[in-house]
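Each remark here refers to the structure printed beneath this line.
The values are calculated or read from the model by the stated rules, or taken from the named source; none is laboratory data. Just so it is clear, the structure is predicted and the values come from calculations on it, not from any experiment. Quick reminder, even Gly has a Cβ in these numbers, built from the backbone with ideal geometry, and neighbours come from all protein chains shown.
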Amino acid sequence: MFRKVLFLLLISTISISKLTAQKPDQTVPVIDYVPVIDGSVKAKAEFDLEGKKMRFEVRNARFGAKGNINKYFGYRVEVDLSDEGKIKMLDAYVKFTPVKNLDMYMGQRKVPFGTDYLRNPVENIFANRSFVAKYTNDGLRDIGFVVNYKFKFHIPFDIWIAAMNGTGNNNPQWINRPNYSARFIAEPLKNFRIVGNLYQGSTLFENNLSMYGGELRYQNRNLLIETEYIHRHYTDTGYIAQDQFGFYIHSYYNFYTGAKMIQIVSPVLRWDFMGKGTESKQIVADRITAGINFGFAPNPFKAEIRLNYEKYLKKYFPAHFDRFTIEFIARF
């Protein structure tokens, strides 16, 4: 009896092997339905060059998964176990692709507004984010519905439209009407990109919120030069009009060494500032960041050690001071 069962199992195994070994139909696109696990860790040591202090910090410890259910539906989930010391749910959405070049997202994700803000933490180029990403675009992770369509004209054109709660991260409160966002991306020349951003609505502490911004970028395999400006106008809880704005221009150049250990050396440089004021514009922080990134993988932002020096030309908040940062990055 045991031999018969073993023989049947053997025949079944051979049959399944033959079936799986058959070539797939080339007319049907092959889709991998196995979830892809990914994550990243950013750990750093910071030195306050004015107060003569230092600290160690785990800035991010992200863990996520993404995949496809079928050729129409996919998903993305991600949490951060150490977002400034707190556990936060980040991305949690379902992706629907009814036709080619059209994607629809329902759930929680970053609002499509601003390039530096939309970057993953390990792709931020510098150890600390720009003022635009950290302050001007603050609070733009939300729950809602996002549509993306890629136009394949002579000039590639990409458009994002979003309707969001406006209540912030993982906060599904009832609302009278959603906030709206639009992002337009055009590539008129090779390696050159122009972007426009719009946002309209309200948040928990900002009424009649309107934001707009523009971006320019040149990028090839070695060089990146990018600049972005964002303006934010709203009425606060005391019915006082407020204006905030931020700007940066940054660059890096990748030197590929061909060595086994340090494979990429990237000098980085950034100038950014932020300001406020409805009539007289006031710069409240102005900074130059210079550094060098050492890459231990064939592609940037995978395994790096970053050395950054921040020099403040003007500062308003006590948290802004000259500092030196050593950061270790691992992305898997």
Q. Give me the pairs: first residue in region 143-172 and under 20 Å from residue 202 (Cα atoms), second residue charged (D, E, K, R), beta-carbon distance under 6 Å, and six or more apart or on different chains, which are they?
A. 160/183; 164/142; 165/142; 169/141
Q.
For region 274-310, give me each residue that is part of a strand (DSSP E or B) and either exposed (fewer than 14 other Cβ atoms within 10 Å of the Cβ) or of a type in the set (Val, Ile, Thr) (or both).
A. 282, 283, 284, 288, 289, 292, 305
Q) For residue 135, are the conditions met, namely being touching a Leu at 6+ places or on another chain (Cβ under 8 Å), among the hydroxyl-bearing types (Ser, Thr, Tyr) and touching a residue at least 60 places away in the same chain (Cβ under 8 Å)? A) no
Q.
Any residue at all in region 314-327 that's loosely packed, with under 15 Cβ neighbours inside 10 Å, more than 18 Å from residue 132 (Cα to Cα) and at pLDDT 95 or above?
A. no
Q: Give region 279-297 a look and list any residue that's without any contact (Cβ under 8 Å) to a residue 40 or more places away in the chain and more than 13 Å from residue 125 (Cα to Cα), or say none.
A: 279, 280, 281, 282, 283, 284, 286, 288, 296, 297
Q. Looking at 151, 126, 157, 113, which one is modelled with pLDDT under 95, closer than 25 Å to residue 219 by Cα and surrounded by 15 or more Cβ atoms within 10 Å (Cβ to Cβ)?
A. 157
Q | Tabulated pairs, region 175-195, first under 28 Å from residue 108 (Cβ atoms), second acidic (Asp, Glu), C-beta under 6 angstrom, 6+ apart or interchain | A | 185/158; 193/187; 195/215
Q. Only one of (1) at pLDDT 95 or above; (2) surrounded by fewer than 19 Cβ atoms within 10 Å (Cβ to Cβ); (3) more than 22 Å from the chain's Cα centre (by Cα); (4) not acidic (Asp, Glu) fails for residue 249. Which number is that?
A. (3)
Q: Give the residue, chosen from 137, 101, that is polar (S, T, N, Q) and at negative phi.
A: 137
Q: Give the number of residues within region 160-177 that are in contact with a Ser or Thr (Cβ under 6 Å, 6 or more places away or on another chain) and either surrounded by 15 or more Cβ atoms within 10 Å (Cβ to Cβ) or not in a loop (DSSP other than H, G, I, E, B) (or both).
A: 2
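Residue-by-condition table, conditions (1) at pLDDT below 95; (2) more than 23 Å from residue 142 (Cβ to Cβ):
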{"residue": "10", "(1), (2)": "yes, yes"}
{"residue": "41", "(1), (2)": "no, yes"}
{"residue": "45", "(1), (2)": "no, yes"}
{"residue": "81", "(1), (2)": "yes, no"}
{"residue": "108", "(1), (2)": "no, no"}
